[in-house]
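The values are calculated or read from the model by the stated rules, or taken from the named source; none is laboratory data. As the structure is a computational prediction, the values presented were derived from the model and not from experiment. As a convention, Cβ positions derive from the backbone with ideal geometry for all residues, glycine included, and neighbour counts pool all protein chains shown. SASA here: full protein model, heavy atoms, side chains in, ligands and nucleic acids out. Shrake-Rupley method; radii C 1.70, N 1.55, O 1.52, S 1.80 Å.
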Amino acid sequence: MSVISIGNPKGGAGKTTLALVLADQLAASGVNAAVIDADPNAIIAKWAAKRAGAKKAMPYTVVPRPTEGEMIQTIERLAGEHSIVIIDLEGAASRMTSRALARSHMVLVPFNQSPVDAELAATAVALIDEEGEALGRRIPFRLVRSRDSAAIATKTSKRIASAIEAAGLPTLPIGLVERAAYRDIYEFGALLSELDPANTSGLAKAQENAQQLTEAVIAALREEYPA
Ligand SMILES: Nc1ncnc2c1ncn2[C@@H]1O[C@H](COP(=O)(O)OP(=O)(O)OP(=O)(O)O)[C@@H](O)[C@H]1O
Ligand SMILES: [Mg+2]
């Protein structure tokens, strides 16, 4: 059982999109997964409601935002029943976020490919480290490039990558590429496997990216928890 928080206090960093894509792929590969939707925008809870409205089966468990006081209990209950629990955190530092981090085996920190956002990702990492200090244990994390360009790396993204490497911040080798499919799954209450390639451009590429990203997350968990 692993608990993965997706956090970055920077709004719009790609947390919810990463949570949806990761849960989608884990469920597609037969992993018994659950998502706690701790984002006040309740995007994933709304996605689940769209599926329920269309009488589509739920491939993974979705739990709407618990209260701060319920967070730990919710994580523990879900972790007892699922192999992986993903927590989509809000775009702000909060006690709710602290509680989620306290029970997380890994934190994924998505960040957009801009110098400002890369600097803010370093702030997000500092918050994770502070939380770890308070707990007396290191909380493993990985930065995840968000809305990565599908084409070749830009000069800016190359500069950002080398600054992050110089700062010694571990980054997943695969980022979440900017793809229409990742917006369409929300709009249609769909899974990547349910989208129609005639209506979603680059669908096969999005599926490949999602799969590689999910494998990279599993590899990072194995790296941190070899047993
Ligand atoms: N890889 C991607 N491809 C296409 N669109 C994306 C991608 N990542 C994010 N987006 C879009 O960018 C916007 C912000 O993304 P998202 O909601 O995932 O960020 P967030 O970090 O969860 O935001 P908040 O802090 O408000 O919770 C959304 O409109 C989303 O559809
Ligand atoms: Mg969000």
key: All positions within the stretch 191-203 that are of a type in the set (A, V, I, L, M), open to solvent by less than 70 Å² (accessible area, probe 1.4 Å) and without any contact (Cβ under 8 Å) to a residue 60 or more places away in the chain   = L195, L203
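Would you pick out the residues in the stretch 75-117 that are of a type in the set (G, A, S) and within 14 Å of ligand 1 (Cβ to nearest atom)? I'd like the intermediate steps shown before the answer.
Looking only at the stretch 75-117, we keep the residues that are of a type in the set (G, A, S), and these are 79-80, 83, 91-94, 98, 100, 102, 104, 114.
Of everything in the stretch 75-117, those that are of a type in the set (G, A, S) and within 14 Å of ligand 1 (Cβ to nearest atom) turn out to be G91, A92, A93, S94, A100, S114.
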ask   = If only one of R51, R77, R99 is touching a helix residue (DSSP H, G or I) at 6+ places or on another chain (Cβ under 7 Å) and either modelled with pLDDT of 95 or more or surrounded by fewer than 15 Cβ atoms within 10 Å (Cβ to Cβ) (or both), which one is it?
value = R99
ask   = Condition test on R142, is it at pLDDT 95 or above and within 16 Å of ligand 1 (Cβ to nearest atom)?
value = yes
request  = Could you tell me which residue of the stretch 54-74 is least open to solvent (accessible area, probe 1.4 Å), considering only residues that are in contact (Cβ under 8 Å) with a residue 40 or more places away in the chain and of a type outside the set (G, A, S)?
outcome  = P59
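Is it the case, given these coordinates, that L203 is closer than 30 Å to R95 by Cβ, at pLDDT 95 or above and of a type outside the set (D, E)? Break it down stepwise before answering.
Working: closer than 30 Å to R95 by Cβ: no; at pLDDT 95 or above: yes; of a type outside the set (D, E): yes.
In short, no.
So which strands (runs of 3 or more DSSP E) stay within the stretch 1-92 end to end and still have 1 or more residues that are away from ligand 2 (no atom under 16 Å from the Cβ), under 13 Å from the mean Cα position of the chain (by Cα) and under 25 Å from F188 (Cα atoms)?
Values: elements: 2-6, 33-37, 61-64, 84-88.
In the stretch 1-92, the matching strands (runs of 3 or more DSSP E) lie at 33-37, 84-88.
Given the options S114, S98, name the one that is within 17 Å of the chain's Cα centre (by Cα) and among the small types (G, A, S). It would help to see each step written out before you state the result.
Values: S114 fails: within 17 Å of the chain's Cα centre (by Cα).
Selected residue: S98, the only one of S114, S98 that is within 17 Å of the chain's Cα centre (by Cα) and among the small types (G, A, S).
Out of the residues in the stretch 86-96 meeting the condition of being of a type outside the set (K, R) and open to solvent by 20 Å² or more (accessible area, probe 1.4 Å), tell me which one is nearest to T61 (Cα to Cα). Steps first, please.
The first filter runs over the stretch 86-96 and keeps only residues of a type outside the set (K, R), leaving 86-94, 96.
Keeping just the survivors that are open to solvent by 20 Å² or more (accessible area, probe 1.4 Å) gives 90-94.
Numbers: E90: 19, G91: 22, A92: 24, A93: 25, S94: 24 Å.
Only one residue tops the list, namely E90.
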Checking G132 against (1) at pLDDT below 95; (2) touching a helix residue (DSSP H, G or I) at 6+ places or on another chain (Cβ under 9 Å), the condition it does not meet = (1)
query = Which condition number in (1) open to solvent by 50 Å² or more (accessible area, probe 1.4 Å); (2) modelled with pLDDT of 95 or more is the one that K158 fails?
reply = (2)
